[in-house]
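Notes follow once the structure below has been shown.
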Amino acid sequence: MTYLAADERYSGMQYQRSGHSGVLLPKVSLGIWHNFGDTSPLETQRAVLRRAFDLGVSHIDMANNYGPPYGSAEANFGVLYDQDFRPYRDELFVASKAGYDMWPGPYGEWGSRKHILASLDQTLRRTNLDYVDLFYSHRPDPGTPIEETVGALASAVRQGKALYVGLSNYSTEQMTRAAALLKELGTPLLINQHPYSLLNRDIENGLIAASAEAGAGVIAFSPLAQGQLTDRYLNGIPADSRMAVGHFLKSDVLTDERLALLHALNKFAGQRGQSLAQLALAWGLRDTRVTSVLIGASSVTQLEQNLGALEAPALSESELAEIDRLLAEEAAA
């Protein structure tokens, strides 16, 4: 059946400007990673993408090696783009990245000009796009001069293959240097992508402030700490969970102290009429310098539940103080 986007798709979503740019991003963006590889049914992926767009989620984030297997998330998006979303291209803000392991040999990863620009060409072929809206260096490369990496990003914009550029997983110092170089090249840094959640607040130690000073926004990935900040692990480790597989999320993080914290946060969320996940996302957005939080979704139901984070009132100062108290209790245990 031909997809027709909902007429009211922009009525319920909240948008926020990324740094000093003209770009407005939805406060909650959709990440295409584990749930969009070849191990997930294409029709489920289609349903999630359609519902996300119908609810105003215009920003889709992926990377060249997302899957599994590598490249399959972009390729599956490309199929669905051709079938459903091509008429809405100008309403989509599509991002991809290069830098992690992707193909064999010395040019298959990191930050050389060779890797960055070859990766982008591959991304465009897989996704069936003429350009991406945003292209990231996925991680800093200790073996490549930063001038070469950011120069490649700037070239992508000059070639018309990307409209904006971003950095992911860069330290405050690395980001500050890269942002200055990009400004000199006439390609200002749009946004920094970094892990940020109730359980990982590292970027509060300078990156958020430095990003704002550089005129860039911040997008938080893993705002749910790969599922820890949901009800997924409150009663043990499900056999089909990420923690059970143990590739990115290890079971040893679920200590007695961590479990006590999750239960306390879950109770606090319930008092606000929210799920634990909704509370975690709302907390991540409490600072307006955080442009968007990036979620994954394995089903339409999960997507809708997470977007419900935008429906509750903003966290008050007393509520934020209570959350800090609960976090401090775990740290001191």
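For the subset of segment 42-72 comprising residues that are over 14 Å from the mean Cα position of the chain (by Cα), hydrophobic (A, V, I, L, M, F, W, C) and closer than 25 Å to G166 by Cβ, which member is surrounded by the fewest Cβ atoms within 10 Å (Cβ to Cβ)?
Filtering segment 42-72 for residues that are over 14 Å from the mean Cα position of the chain (by Cα), hydrophobic (A, V, I, L, M, F, W, C) and closer than 25 Å to G166 by Cβ, the one surrounded by the fewest Cβ atoms within 10 Å (Cβ to Cβ) comes out as F53.
Can you tell me which of (1) modelled with pLDDT of 95 or more; (2) among the small types (G, A, S); (3) touching a Pro at 6+ places or on another chain (Cβ under 9 Å) is the one G166 doesn't meet?
In the conditions (1) modelled with pLDDT of 95 or more; (2) among the small types (G, A, S); (3) touching a Pro at 6+ places or on another chain (Cβ under 9 Å), G166 misses (3) alone.
Every residue in segment 304-332 that is open to solvent by less than 60 Å² (accessible area, probe 1.4 Å), small (G, A, S) and under 21 Å from V293 (Cα atoms), please.
Within segment 304-332, G308, A309, A312, S316 meet the criteria.
Of the conditions (1) closer than 28 Å to V23 by Cα; (2) part of a helix (DSSP H, G or I); (3) at pLDDT below 95, A260 fails just one. Which one is it?
Tallying (1) closer than 28 Å to V23 by Cα; (2) part of a helix (DSSP H, G or I); (3) at pLDDT below 95, A260 fails exactly one: (1).
With respect to R86, determine if the residue is over 25 Å from S222 (Cβ atoms) and outside any strand (DSSP E or B). I'd like the intermediate steps shown before the answer.
Details: over 25 Å from S222 (Cβ atoms): yes; outside any strand (DSSP E or B): yes.
Yes, satisfied.
Please enumerate the residues belonging to segment 101-138 that are of a type in the set (F, W, Y) and more than 19 Å from L190 (Cβ to Cβ). Please lay out each step first, then the result.
Taking segment 101-138 as the starting set, the residues that turn out to be of a type in the set (F, W, Y) are 103, 107, 110, 131, 135-136.
If the condition is that a residue be of a type in the set (F, W, Y) and more than 19 Å from L190 (Cβ to Cβ), then W103, Y107, W110 are the ones that fit.
Assuming A212 fulfils every condition listed in (1) in contact with a Lys or Arg (Cβ under 8 Å, 6 or more places away or on another chain); (2) farther than 25 Å from E148 by Cβ; (3) open to solvent by less than 10 Å² (accessible area, probe 1.4 Å); (4) modelled with pLDDT of 95 or more apart from one, which condition is it?
Among (1) in contact with a Lys or Arg (Cβ under 8 Å, 6 or more places away or on another chain); (2) farther than 25 Å from E148 by Cβ; (3) open to solvent by less than 10 Å² (accessible area, probe 1.4 Å); (4) modelled with pLDDT of 95 or more, A212 violates only (3).
Name the residue that is most open to solvent (accessible area, probe 1.4 Å), counting only residues in segment 293-303 that are closer than 17 Å to P223 by Cα and assigned to a loop (DSSP other than H, G, I, E, B). Let's see the steps before the verdict.
So in segment 293-303, the residues closer than 17 Å to P223 by Cα come out as 293-298, 302-303.
With assigned to a loop (DSSP other than H, G, I, E, B) added as a condition, the list becomes 296-298.
Values: G296: 36, A297: 1, S298: 62 Å².
Per the stated criteria, the residue is S298.
Quick check: is even one residue across segment 184-200 aliphatic (A, V, I, L, M), open to solvent by less than 20 Å² (accessible area, probe 1.4 Å) and under 30 Å from N266 (Cα atoms)?
Start the filter on segment 184-200 by keeping residues that are aliphatic (A, V, I, L, M), which leaves 185, 189-191, 198-199.
This time we only want the ones that are open to solvent by less than 20 Å² (accessible area, probe 1.4 Å), so: 189-191, 198.
Now restrict to residues that are under 30 Å from N266 (Cα atoms): 198.
Yes, segment 184-200 has at least one match.
Conditions first: (1) assigned to a helix (DSSP H, G or I); (2) of a type in the set (V, I, T); (3) within 21 Å of D130 (Cβ to Cβ). V94 passes all but one, so which condition is the exception?
(1)
Could you please let me know if T230 is among the polar types (S, T, N, Q) and either in a helix (DSSP H, G or I) or free of Cβ contacts under 8 Å to residues at least 40 places away in the same chain (or both)? Walk me through how you get there before you give the answer.
Numbers: among the polar types (S, T, N, Q): yes; either in a helix (DSSP H, G or I) or free of Cβ contacts under 8 Å to residues at least 40 places away in the same chain (or both): no.
Considered against the rule, which asks whether it is among the polar types (S, T, N, Q) and either in a helix (DSSP H, G or I) or free of Cβ contacts under 8 Å to residues at least 40 places away in the same chain (or both), T230 comes out as no.
Filter segment 132-166 for residues that are in a loop (DSSP other than H, G, I, E, B) and in contact with a strand residue (DSSP E or B) (Cβ under 6 Å, 6 or more places away or on another chain) and give the result.
Let us first name the residues in segment 132-166 that are in a loop (DSSP other than H, G, I, E, B), namely 138-145, 159-161.
The answer is H138, and nothing else.
The values are calculated or read from the model by the stated rules, or taken from the named source; none is laboratory data. Model, not experiment: these values are computed from the prediction. Neighbour counts are summed over all protein chains in view; Cβ atoms, including those assigned to glycine, are modelled from backbone coordinates with ideal geometry. For the accessible areas, the whole protein counts, side chains as well, though only heavy atoms, and no ligand, DNA or RNA atoms are used. Shrake-Rupley method; radii C 1.70, N 1.55, O 1.52, S 1.80 Å.
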